[in-house]
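Read through the structure below, which is laid out as structure tokens, and then see the notes.
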Amino acid sequence: MSELRPDTRTVHLPQPMVEGSRPITMPIYQTSGFVFDDPVLMADAMGAPDSAYVYGRYSNPTVRSLEMAVAGLEGGVAAHATGSGMGAINTVLLSLLKPGDHLVAQRSLYGGTAASIKDLVDRLGITVTYVAENDPAALRAAVRPETVLVYLETISNPVTLVADLPGMCAVARELGILSVVDNTFATPLLCRPIEYGADIVVHSTTKYLAGHTDVVGGIAVFADDELYRKVWHHGVALGTTAEPFASWLTLRGIQTLALRMERHCSNAAYLTSRLAEHPAVSAVHWPGMASHPSYELAGRVLSGFGGVFSFDLVGGRAAGEKFMAAVRLALLAPSLGGVETLVLHPATTSHRSLSPEELARSGIGEGTVRVAVGIENPEDLWADVAQALS
């Protein structure tokens, strides 16, 4: 390098190799591509997810570290990290569905997912049948010769219904259709859908996995290598692959996931028990409550009940708007899974694309408020909620 002129040397910077030791944390490989000495090796790297790193849209060491970490937590063989949770969901759906195919989905879905499925119906001629998340017999009855997959959520957004993963995935496997499960609310610490027979697990890593409200990302985990490679090729073509810095932040967040989830769950238990006794609240939706329709199933499928719940206010939308304007410690903001408590009104935010009939089918009322509990002191949280209710 010493013989090069200064303006050339500013382009070709030295890259020290780490020998004899290794970094404690995964480095950020903030590069768009990788240099090869062998053109044959470079050509090979363009065609497979487990070849040499070649270009950021294909893979990156930091991104691969995240994929390996989440695949390991979920018990999958491989994973494809994406730029958002919807990126992971749409990569899977667009990779596996074609015009004329049939999809079975549970009735209570995240609004973004419901909107994507509706778009597939409108644009590509996909047909969809909605069934209850806990009814394997209904799934069996809904399957047709052209059915390709069933789409489920471990814990639904926002009324926290728990899917019968053992029963639903067993029917799907018996009938030869794929099962896709959104495990964002549960995380791999509370549930691992692949252990119940799921073929693909998706996450919005924006939420609990990253955990600090500073990342947007997603990931799809696969139980089968061939299926992974099929979706990976489509993901590369769609350009949904995650970028290194967001992946690095998510890796950092995962290291405290177990501690955070314990506090999220305990705070949710405390707040829901208090809300259930409040005269301004007509119903509380959290699977850890004995009154919840998924309580018994949640005890079998989950190892914890999660940090998201919703409740219905007496007085409908006006009461909901008044409550959200009155909270001070809790923040009125989208998303969930961070260390701070967030509240929102699903009917006008996360599920705004749904018609009144679709909202009712999903169990969302005009006065429904969703709470994503943070890790604050529970007494401080309840003091804020109580003053907002009054």
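The values are calculated or read from the model by the stated rules, or taken from the named source; none is laboratory data. Quantities reported herein were computed from a predicted structural model and do not represent experimental measurements. Glycine gets a Cβ as well: all are built from the backbone with ideal geometry, and neighbour counts include every protein chain shown.
The set of residues in segment 120-137 being touching a residue at least 40 places away in the same chain (Cβ under 8 Å) and out of contact with any Gly (no Cβ under 8 Å at 6 or more places or on another chain) consists of Y130 alone.
Considering the conditions (1) in contact with a strand residue (DSSP E or B) (Cβ under 6 Å, 6 or more places away or on another chain); (2) under 30 Å from M68 (Cβ atoms); (3) free of Cβ contacts under 8 Å to residues at least 12 places away in the same chain, G176 is excluded by exactly one of them, (1). Of the residues making up segment 57-113, those that are small (G, A, S), over 10 Å from A220 (Cα atoms), touching a residue at least 60 places away in the same chain (Cβ under 8 Å) and outside any loop (DSSP other than H, G, I, E, B) are S65, A69, S95, G111, G112. So, in segment 281-293, exactly how many residues are surrounded by fewer than 19 Cβ atoms within 10 Å (Cβ to Cβ) and either in the same structural domain as P188 (by TED's automatic domain parsing) or out of contact with any strand residue (DSSP E or B) (no Cβ under 6 Å at 6 or more places or on another chain) (or both)? Selection size over segment 281-293: 3.
Can you name the residue in segment 4-38 that is among the aliphatic types (A, V, I, L, M) and within 23 Å of P244 (Cβ to Cβ) and is also modelled with the lowest pLDDT among such residues? Once the filter is applied, the top-ranked residue is L13.
Annotation: of all residues in segment 24-56 being of a type in the set (F, W, Y) and in contact with a strand residue (DSSP E or B) (Cβ under 9 Å, 6 or more places away or on another chain), the one that is farthest from I219 (Cα to Cα) is F34. Working only within segment 38-56, note down all residues that are in a loop (DSSP other than H, G, I, E, B) and either more than 16 Å from V231 (Cα to Cα) or in contact with a helix residue (DSSP H, G or I) (Cβ under 6 Å, 6 or more places away or on another chain) (or both). The answer is D38, P49, S51, A52, Y53, V54, G56.
Within segment 331-345, is even one residue in the same structural domain as V385 (by TED's automatic domain parsing) and over 22 Å from the mean Cα position of the chain (by Cα)? Within segment 331-345, none of the residues are in the same structural domain as V385 (by TED's automatic domain parsing) and over 22 Å from the mean Cα position of the chain (by Cα).
Name the single residue, out of those in segment 239-264 being touching a residue at least 60 places away in the same chain (Cβ under 8 Å) and farther than 13 Å from A81 by Cα, that is surrounded by the fewest Cβ atoms within 10 Å (Cβ to Cβ). Among those residues, the one meeting the criterion is A258. Among the residues examined, A198 does not qualify as farther than 22 Å from P244 by Cα, out of contact with any Leu (no Cβ under 9 Å at 6 or more places or on another chain) and at pLDDT 95 or above.
Going through (1) crowded, with 21+ Cβ neighbours inside 10 Å; (2) touching a helix residue (DSSP H, G or I) at 6+ places or on another chain (Cβ under 8 Å); (3) at pLDDT 95 or above one by one, Q106 falls short only on (2). In this structure, does T272 turn out to be in the same structural domain as T368 (by TED's automatic domain parsing) and either in a helix (DSSP H, G or I) or among the polar types (S, T, N, Q) (or both)? Criteria met by T272.
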